[in-house]
Amino acid sequence: MNIDTQFLITFFSAVVAGLSFIAVVLPFVKKLERKERYQETIARQRKDMIAAQRVAAEKKAQQQKNQDAKESIQSAFKVRQLVGDMADDLRARMQQAGKRSPNAVLFFLIARFVLPVVFILLAMFFISKSQKEIADGVKLLIIMGLGWFGFSLPGIM
């Protein structure tokens with residue numbers, strides 16, 4: 001059996017070339033496998049986080065629904081204490097106007113008392129800063145008119 005040295009050199013060169021190719025390619029293959037594994041883990045964690053957020057949102061919505069009913073009853077009671085039976089009529093008018101918030105009647109009443117004061121103060125400010133001389137009767141008429149407008153504005157809206 002005669003082994004040719006040139007054949008041995010070629011054979012070992014081929015083996016070394018194959019091993020070096022594997023040594024170069026193997027890290028890339030492992031990196032791809034690792035990347036796929038990480039992507040699967042990340043996708044699973046995303047699904048878990050989304051499910052947890054859904055559960056939390058549903059729980060919060062249920063609590064908000066319960067809280068809204070509680071607030072509605074509390075605000076209706078407070079308004080009824082302040083205004084009396086007129087609150088039921090006012091609540092019906094607010095619902096007819098599309099304002100179904102539990103605090104709608106309370107906001108309406110606050111606006112009804114605050115806006116006239118604001119408009120009267122604005123009128124007094126502009127009258128005092130006016131360069132023209134305005135008669136006292138006209139000043140009173142302007143102030144009273146704007147006060148009435150401020151009182152009526154929540155009913156218009």
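What tally of residues in the range 96-128 results from selecting those that are farther than 15 Å from Pro154 by Cβ and either at pLDDT 75 or above or open to solvent by 90 Å² or more (accessible area, probe 1.4 Å) (or both)?
To start, the set of residues in the range 96-128 that are farther than 15 Å from Pro154 by Cβ comprises 100, 102, 120-128.
Subsequent filtering for residues that are either at pLDDT 75 or above or open to solvent by 90 Å² or more (accessible area, probe 1.4 Å) (or both) retains 100, 120-128.
Final tally of qualifying residues: 10.
Which of the residues spanning the range 82-95 are farther than 14 Å from Ile156 by Cα and either modelled with pLDDT under 70 or of a type outside the set (S, T, N, Q) (or both)? Listed by number, the residues that qualify are Leu82, Val83, Gly84, Asp85, Met86, Ala87, Asp88, Asp89, Arg91, Ala92.
Pairs only if they're at least six apart or on different chains, beta carbon under 6 angstrom, first in the range 105-124 and basic (Lys, Arg), second in a helix (DSSP H, G or I); list them, first residue then second. Qualifying pairs under 6 Å: Arg112/Pro154.
The values are calculated or read from the model by the stated rules, or taken from the named source; none is laboratory data. Not measured: the values here are computed from a predicted model. For neighbour counting, all protein chains shown are included, and Cβ atoms are generated from backbone atoms with ideal geometry for every residue, glycine included. For the accessible areas, the whole protein counts, side chains as well, though only heavy atoms, and no ligand, DNA or RNA atoms are used. Shrake-Rupley method; radii C 1.70, N 1.55, O 1.52, S 1.80 Å.
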